[in-house]
Structure formats: structure tokens, C-alpha cells
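All remarks here apply to the structure that follows.
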Amino acid sequence: MKHIFVKLTLLVAVLAGLALPSGCARPGSQPAAVFEAQPRPLLESVGLSASWDPNLAVDTSGTLYLFAVYDQDSKSQLGLAMSHDGGDTLMSRILPISETKVSIASHGEESPSLAMSQGAIYALWQESAGDGSGTIMLARSLSWGESFDKPIQVSGRDVHSSKGFCSVGVAPNGDVYAVWLDERDQACVLYVAKSTDHGASFPKSIPIADHACPCCRPNLGFGSNGDVYVVWRRVFPGDIRDMAVSISRDGGQTFAEPTRVNEDGWMLHGCPDSGPAVAESHGALSIVWMTEGREQRAKLQFARSIDGARSFTKPVNVSADVLDPNHPVMKTADDGTIWLVFQGRAASTKGNWGKMQAYLVQIKPNGSPSPPEPIPGSDNSIAYPTIGVGSGGRLFIAWAQPQGDRQTVMLTRGRTSDESRAVTLAR
């Protein structure tokens, strides 16, 4: 018995001092995913010393698509880099998407949007006109990113908008939708345009709601039955800035009066520059958004609807005690799991602010969220993290962070915990 007690004591001591790999937790607090120890600046390998505002996508073959804004001849350009080996290396060059003679708008939540469906890739952005106005433009690739067609104007011929904050999405039937904020009529109005020919043309754009918060990017969602959801931050009477959703049940021809997702009661005499994240899973529409509510303390709220956005569950705070959580992005895995990434600061009892870093939350198909977990190596004043979800539990997260006097895009890779128990990630 004495020998058994000694062995158990030694085992407890070893476990207490055991160094765990990045992203791992001690028994009883299994993390949602395990990541490699250090992120990497992949775009430097294709000659980009300054890059920002990344977007990620992963196709069925496992090819990783990394979109980013970069500087070319003092103009902001949008380009694509691809990896066929899971992010170990990128192809030797970046493929330009926007035209080199013009500059795109990319700051805050005013950055390009990306959607992919069955080999087609759609990129949407606002082009700067030089006089404070801009035009919503779309470029498509029908060749898995091998080339992109010449960009076309989405917001209407000869129509310029002093706003943008655009999002693109693809419905289950292949129709392409673009939504953005527009001030052609002076007030900030939510506009939508639809393409039925896979992004070759957008015959018209229509206003669907007014009183939009002027710098919060709207977003799109789609039901399996053809419903189209537009989610945005609306300015309610009294300068209350809460989330709203408008639904089209006729394929985008008309949109219903807005429904309030939740009465957060956030009174703000200005725009917080923070739009919602939207995802679908097993017939449920999920929304995550930042609010300070009546408590005047920032948090990320999560709510879902299982009745076609007619009603939503009571919101859950998915950012827990993370400080300044903001700019959520969600992607849905093949098994219906939703992965949420956002930026925030570690909670501190010493009164310091701490550096902005990326956090990950797993939302199971039943709507149950995990606690937020910091992404290893992201605690370097990062901005606007984004996520790509591949098969086999593979996760890719990218963000921009300072490097000298410029920004550079960083990438890290992970696997869900079930997949990673017998896998070691190597640089």
C-alpha cells in the first residue's frame, strides 16, 4: 500500500508540472481545438511586405484560399493566394482580383467580402472614386480561383454611394446576393442586389430598409427553403442601436418589415463600426453581434432561430469575461458545427488593457457554445481575425498584425480536439 501511495504522489506531481502543448488544457477542460504553437506570415513568400483584411475559404479538395488587401503602387488592391498543401506553402504569386488602376476601400469593417459555392468564388468590395464616393464592385471566378473575370458594377450603372460596408452570399439555388449601406438618397439605407446568372450581371439594386447604422456591415443568410435573410444594426427611436433581420420568402423580390433580434437597449450617439456574423446549421439561423446594452459593457451576444427568423432564443454571452470583444466571424463545418472567431483582450485584475488577440468559440449543432479560447501566438495587437473550415476537423485562422510601420497577414492552423489527440502539428 505504501508503494502505491508513493507512486500516486509522484504521478500527481508530474501531472501538476506537465507542460502542455499550445491550445491544450488540463483534464476536465478539453479545448475545442488545438493549434500550432506559432502563426506564420505566409504572404511575404509571394512578395507582399504589407497586407491586411484577410478572408479565408477552403474547398472540398482541401485547397486553402487566402484573400487579402495589399499595397500596389500606392493603391489598395485585392488579391488571392492559394495553398495546395494545407498552408505549408503558397503558390508562387498572388492573383490580382481588383483592377490595378483604381484603389479599393478597406478600413474598419469597410473591407472586401468573399463567398464560395461549388467551385465559383465571388469577391465584393467598394471602389474608391477619389471624391469621397464609391461603387460596389464584384469579380467572380468560375475556375476554382485560377482566374477572375473583369469586375462589374453591382450598385447600379452610374450610381455612386458614399457608403459601402458590403457583404456577398450565395443562396442554395446558386443565386448571388450583395447587400450594402447606401447614401444615394442622403439617409443611410440598406440596399440589396441579386444575380441569377452566377454573378455575370446584377440587373437592379433595391432599398429594403432605412435607419441603418452607418458603419456597421450588414450580413446575409439563407434558408434551405429559399428564404433570404438580411441582418444588420438598425437605429431605433432614441438612438437605440440593436440588431434587426428582414426576410424575403420570394427569392429576394420583396423583403418583410424588420424584426428586432433582441432588445439590447444600446443607446449610442454614434456608430460602433461593428456588424453581425451570420451562419446556418441544420435549419437554424444563428447570429452573433457585439453590444454594450444597457450595462454599457461590451459583449458578444449569440441567438438562434429555428422558425425562419420569426423569433429568436434569449441571447447568450459567448465572449464570457473577454474584454472589448468585437468583429465576430462565423463559418459552418460539414457536421453542422459553427466556429466563431473574434478579437478581444484577456481579462485582467491588474487594471491593464492587454493586447488585442484572437479567440475561438465552438457552437455545437444544438446551439451550445464552448467557452472562448485564446489562439496561440495571436496576442500581438491583432485586428479583424477570420476563419476557414476544412474537412477532417481542420481549422485555419488569419488576422492582420503590426510589423514595423505596416501590417502583415498572419495564418495559423488547428484541428478540432477529437481529430488532434493523435496528431502533432508541426511548423
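The values are calculated or read from the model by the stated rules, or taken from the named source; none is laboratory data. The structure presented is a predicted model; accordingly, all values stated were derived computationally and were not measured. We place every Cβ from the backbone using ideal geometry, glycine too, and count neighbours over all the protein chains shown.
Residues in the stretch 61-88 that are assigned to a loop (DSSP other than H, G, I, E, B) and within 22 Å of Q407 (Cβ to Cβ): D73, S74, G87. Test A346 against the criterion of being surrounded by fewer than 21 Cβ atoms within 10 Å (Cβ to Cβ), free of Cβ contacts under 8 Å to residues at least 60 places away in the same chain and closer than 22 Å to T412 by Cα, and give yes or no. Spelling it out, A346 is indeed surrounded by fewer than 21 Cβ atoms within 10 Å (Cβ to Cβ), free of Cβ contacts under 8 Å to residues at least 60 places away in the same chain and closer than 22 Å to T412 by Cα. Scan the stretch 189-207 for residues that are of a type outside the set (G, A, S) and in contact (Cβ under 8 Å) with a residue 40 or more places away in the chain and jot them down. Correct list: L190, V192, K194, H198, F202, K204.
For the stretch 237-273, taking the residues that are farther than 23 Å from N225 by Cβ and small (G, A, S), the one that is modelled with the lowest pLDDT is identified as G270. Checked across the stretch 90-103, the condition of being at pLDDT 95 or above, out of contact with any Phe, Trp or Tyr (no Cβ under 9 Å at 6 or more places or on another chain), farther than 19 Å from R415 by Cβ and assigned to a strand (DSSP E or B) holds for no residue. Whenever a residue of the stretch 167-181 is over 17 Å from A200 (Cβ atoms), its partners that are among the β-branched types (V, I, T), lying with C-beta atoms within less than 7 angstrom and at least six residues away or across chains, give the pairs S167/V179; V179/V192; V179/V230; W180/I136.
Here S286 meets the list (1) more than 14 Å from C213 (Cα to Cα); (2) part of a loop (DSSP other than H, G, I, E, B); (3) at pLDDT 95 or above almost entirely, failing just condition (2). From the residues in the stretch 72-103 that are crowded, with 21+ Cβ neighbours inside 10 Å and among the aliphatic types (A, V, I, L, M), which one is nearest to E36 (Cα to Cα)? Out of the qualifying residues, it is A81.
With respect to S201, determine if the residue is touching a Ser or Thr at 6+ places or on another chain (Cβ under 7 Å) and surrounded by fewer than 17 Cβ atoms within 10 Å (Cβ to Cβ). Yes; evaluated as a whole, the condition is true for this residue.
Comparison of G174, G223, G169 shows that the only residue that is surrounded by fewer than 21 Cβ atoms within 10 Å (Cβ to Cβ), at pLDDT 90 or above and under 30 Å from M82 (Cβ atoms) is G174.
On the stretch given as the stretch 160-194, residues that are small (G, A, S), in contact with a Ser or Thr (Cβ under 7 Å, 6 or more places away or on another chain) and more than 18 Å from G226 (Cβ to Cβ) total 3.
Among residues of the stretch 266-312 being surrounded by 19 or more Cβ atoms within 10 Å (Cβ to Cβ) and polar (S, T, N, Q), the one that is nearest to D239 (Cα to Cα) is T291. Close Cβ contacts (under 7 Å, 6 or more residues apart or on different chains) running from residues in the stretch 208-224 that are more than 21 Å from Q253 (Cα to Cα) and free of Cβ contacts under 8 Å to residues at least 60 places away in the same chain to residues that are buried (at least 23 other Cβ atoms within 10 Å of the Cβ) and of a type in the set (V, I, T) are absent. Scanning the stretch 359-374 for residues that are surrounded by 21 or more Cβ atoms within 10 Å (Cβ to Cβ) and part of a loop (DSSP other than H, G, I, E, B) turns up just one, P372. Screening D158 against (1) in a strand (DSSP E or B); (2) at pLDDT below 95 leaves a single unmet condition, (1).
Restricting attention to the stretch 144-158, does a residue exist that is of a type in the set (S, T, N, Q) and out of contact with any strand residue (DSSP E or B) (no Cβ under 7 Å at 6 or more places or on another chain)? Within the stretch 144-158, not a single residue is of a type in the set (S, T, N, Q) and out of contact with any strand residue (DSSP E or B) (no Cβ under 7 Å at 6 or more places or on another chain). Selection over the stretch 139-155 of residues that are touching an Asp or Glu at 6+ places or on another chain (Cβ under 7 Å), at pLDDT 95 or above and not in a strand (DSSP E or B) gives a count of 1.
Selection within the stretch 185-218: residues that are modelled with pLDDT of 95 or more and of a type in the set (K, R). The member of this set that is nearest to the chain's Cα centre (by Cα) is R217. Once the stretch 104-138 is narrowed to residues that are within 17 Å of the chain's Cα centre (by Cα), in a strand (DSSP E or B) and of a type in the set (G, A, S), the residue that is farthest from R40 (Cα to Cα) is S117.
In the stretch 108-122, the residues that are surrounded by fewer than 22 Cβ atoms within 10 Å (Cβ to Cβ) form Cβ pairs under 9 Å with partners that are among the charged types (D, E, K, R) and part of a strand (DSSP E or B), at six or more places apart or across chains, as follows: A120/R140.
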